[in-house]
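The values are calculated or read from the model by the stated rules, or taken from the named source; none is laboratory data. Just so it is clear, the structure is predicted and the values come from calculations on it, not from any experiment. Here the Cβ positions follow ideal geometry from the backbone for every residue, glycine too, while neighbour counts run over all protein chains shown.
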Amino acid sequence: MQDLSSIFTSRIFFVALTLLVFALAQWLYGRTKFLLLNPVLVSIAVLIAWLKVFDIRYETYMSGGELISFFLSPAVVALAVPLYTRLPDIKAQRVSILLALVAGAVVGIVTASGLAALLGASHTLVITIAPKSATAPIALAITEKLGGLSALAAAFSVATGVLGGAIGLPFLKLLRIHSRRAIGLALGAASHAVGTARAMEEGETEGAFAGLALSLCGILTAVLTPLFIKLFFQP
């Protein structure tokens, strides 16, 4: 019995469980195409339920989860491949792309922190939610530097990505936006990695521009968030 218990709390088990849950979630989404059955959202919900039902500590799960997290950086670097194939196109529109991404980063910061402040949130919460449109590692670094709540920043970032990945494309189509470049930029800027993954499903052009937006908006958010907080929310 002891041996069985050690198997179900081992690093390899949690890696296998995470991959299996995500694969099943992808299959379910592929069959239904239902927005709320986004693979990332379903995987998060199922894994949280598993940990709660079997009373497993998050730290125990992450002993295996961190093995998967390790591959996040190489996966992001791999986005350079579709970017390279679209390099002439990107160079030709570099000014309009840069202006659009600056606007996207500013809107992401202002709407999040501004709305939180209007609703009476504390200074700490305003700082924490401000970089929510940046990918989680960047959002965490910004939040820690400014004195916010790191765990909550990660939750906001993941929630933003999942929501954008689920409703971003239908919303853009509702607005009659058909440009593949614009769709990619919007998804990458608003919902970072999850949005980029969704854009990649639509095509190489969407994926390339989403990857560009993911990278540049992360940098812009890291630069602009401290400036914005200092100018408007300095306690």
Practice prompt. Find the residue count for region 134-159, including only residues that are polar (S, T, N, Q), under 25 Å from L36 (Cβ atoms) and modelled with pLDDT of 85 or more.
Written response: 1
Worksheet, complete the sentence: Residues in region 171-215 that are among the aromatic types (F, W, Y) and surrounded by fewer than 18 Cβ atoms within 10 Å (Cβ to Cβ) total 1
Discussion item. Quick check on region 119-131. Is at least one of its residues surrounded by 24 or more Cβ atoms within 10 Å (Cβ to Cβ), on the phi < 0 side of the Ramachandran plot and not in a helix (DSSP H, G or I)?
Written reply: yes
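Taking region 153-177 as the search range and keeping residues that are part of a helix (DSSP H, G or I) and more than 14 Å from the chain's Cα centre (by Cα), which one is farthest from H192 (Cα to Cα)?
Per the stated criteria, the residue is L174.
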Item to complete: Pull up region 178-232, narrow it to residues that are outside any helix (DSSP H, G or I) and not hydroxyl-bearing (S, T, Y), then point me to the one that is farthest from A136 (Cα to Cα).
Response: H178
Response to the item:
For region 34-45, pairs from a residue that is in a helix (DSSP H, G or I) to a residue that is hydroxyl-bearing (S, T, Y), with Cβ under 8 Å and 6 or more apart or across chains, are L37/Y29; P39/Y29; V42/Y29; S43/T18
Fill in: Complete set of residues in region 123-160 that are among the β-branched types (V, I, T) and over 20 Å from L231 (Cα atoms)
T135, I138, V158, T160
